[in-house]
Each structure stands twice: as structure tokens, then as C-alpha cells.
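Read through the structure below, which is laid out as C-alpha cells, and then see the notes.
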Amino acid sequence: MGGAAPRARPGQDRRRDLPASWPKLLAALAALDLDELDEEIRDRRLLVALAFLREEGCLRLRLDSSNGWETKRELTAAGGLRELLAREPAELRGRLLAGAGCERLELAGLTLLLRLGPGVAISLASFGRAAREFADEATLHPTPRYGSDAQVGASALLIGWLVGLAEIGLDSGGRPCAARLACLEAETSRGQLAVCQGNFEVVLLALPGAG
């Protein structure tokens, strides 16, 4: 594991307000290369997954106060998860991106990927420095981001990678070291995929790979 998480102050326990079931939910996630760079990435992956399932009606919170003195909260499956996952990858990608609740650093990362264009690789450290500066320029009160440039780069890249818009390169030891915009045929043949507004809100011009 790397040092302190980029979006947390040193010594801050970000899990103190999380439900007791959080470790079990984290354990259900498949291990990914990016997890090695920053311990906070697994938390972010889980938050994105839960938000997506909730927005798609596949997850709900059930409250049970039948014992009269304590309210039990339980996540339960709802809706048609199989039908959702059977949709075209391009449609799922658009839904994931729209419902990810991107943070400023992640929006900066998406913008940088689009500006680089397909096939242009960049080191995670350089990506992190650029994303940090890009995100800080868009606000009067920049958020301190602790950790190495590569850790910041991994955090900035995460959402783009989860939705299939980014590819990760590994060094000789198998650790993530570089990234580039994924070369998706439908996207490169149809022109611009998205635009980023002045407040870093990414607006999709079309669902990736649609039509």
C-alpha cells in the first residue's frame, strides 16, 4: 500500500462513519491493479458500485424496527440486475459515468484523458500532477491532496477506467505506471465524445459507442 490517501488528511480515519458491513462489502470486490497504489480506491469503487445499483433500482435500504428499541438497516437486492447487466456495454458505460457522482479531481482526469486523445500514453505521476493542477485551478479553495503524484493520478483516473474509457499500463513488476484513453472504434469514428464545462462538469454529447 502507498502512503496516506490523496483526498484525506494524514491520520484521518475515513471509515469511522461507515456502516459495520463495509469491510464485508469491500471483501466482495475483485482485487484490481489500482488498489495497490492507494487504499482509498477500494472505498471509492464500492461507493460508485452502490450508487449505480441504487440509481438503477437494483438496491434498496430496508429498515426494520420490529424489536421496538433498535432500527436495523439492511441493504437488499431489488429490480432486475440480470436485465441491467445484459444491456449493451456502451449503454452501461454511459449510465455508469452519468451516475458516478464524479469528484472534481475525477472530472479533471476525464477531461485530461479526452484532451490527450486515443493512443497517447502518460505516466501516472505526470497524470496526477496535471490533474491536481487542473482541479485546483477550477476552485478558489483547493482541497489539499496528500500522497504521491502517482497516487493522485490513480484517483483521478479511477472513474474513467471503471467505465472503460481508460487503459492502464504496467511496469516490469506488474504495478500500474501509465494510462491512456481507450481506443474505442465507435468513439474515435464519431468525433468528440464529451465536453467539459468551466465548472468541470462533463457533458456527454452521446452515449459512448451508441448508434
Looking for something under 26 Å from S21 (Cα atoms), in a helix (DSSP H, G or I) and among the small types (G, A, S) - is there at least one such residue anywhere in segment 129-138?
no
Identify, by number, the condition in (1) surrounded by fewer than 16 Cβ atoms within 10 Å (Cβ to Cβ); (2) in a loop (DSSP other than H, G, I, E, B); (3) in contact (Cβ under 8 Å) with a residue 40 or more places away in the chain that G79 doesn't meet.
(3)
Exactly one of these conditions fails for E133: (1) under 23 Å from E40 (Cα atoms); (2) surrounded by fewer than 16 Cβ atoms within 10 Å (Cβ to Cβ); (3) at pLDDT below 85. Give me its number.
(3)
Residues in segment 154-183 that are free of Cβ contacts under 8 Å to residues at least 40 places away in the same chain and not in a strand (DSSP E or B): how many?
3
A20 over 24 Å from R175 (Cα atoms), out of contact with any helix residue (DSSP H, G or I) (no Cβ under 6 Å at 6 or more places or on another chain) and hydrophobic (A, V, I, L, M, F, W, C)
yes
Which numbered condition in (1) at pLDDT 90 or above; (2) touching a strand residue (DSSP E or B) at 6+ places or on another chain (Cβ under 8 Å) is the only one that Q197 fails?
(1)
Hey, does segment 169-186 have a residue that's at pLDDT below 90, out of contact with any strand residue (DSSP E or B) (no Cβ under 7 Å at 6 or more places or on another chain) and crowded, with 17+ Cβ neighbours inside 10 Å?
yes
Does R45 satisfy being touching a Phe, Trp or Tyr at 6+ places or on another chain (Cβ under 7 Å), surrounded by 16 or more Cβ atoms within 10 Å (Cβ to Cβ) and among the charged types (D, E, K, R)?
no
Within the group D43, D38, which residue is modelled with pLDDT of 80 or more, part of a helix (DSSP H, G or I), acidic (D, E) and under 17 Å from the mean Cα position of the chain (by Cα)?
D43
Out of R60, R93, R82, R87, which single residue is touching a helix residue (DSSP H, G or I) at 6+ places or on another chain (Cβ under 9 Å), closer than 28 Å to L165 by Cβ and not polar (S, T, N, Q)?
R87
Only one of L84, L18, L59 is modelled with pLDDT under 80, over 24 Å from G109 (Cβ atoms), surrounded by 15 or more Cβ atoms within 10 Å (Cβ to Cβ) and out of contact with any Pro (no Cβ under 8 Å at 6 or more places or on another chain), namely L18
Of all the residues that make up segment 136-158, how many are at pLDDT below 85 and either crowded, with 19+ Cβ neighbours inside 10 Å or hydroxyl-bearing (S, T, Y) (or both)?
5
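The values are calculated or read from the model by the stated rules, or taken from the named source; none is laboratory data. These numbers were taken from a predicted model, which means no experiment stands behind them. In this analysis, Cβ positions are derived from the backbone assuming ideal geometry, glycine residues included, and neighbour counts consider all displayed protein chains.
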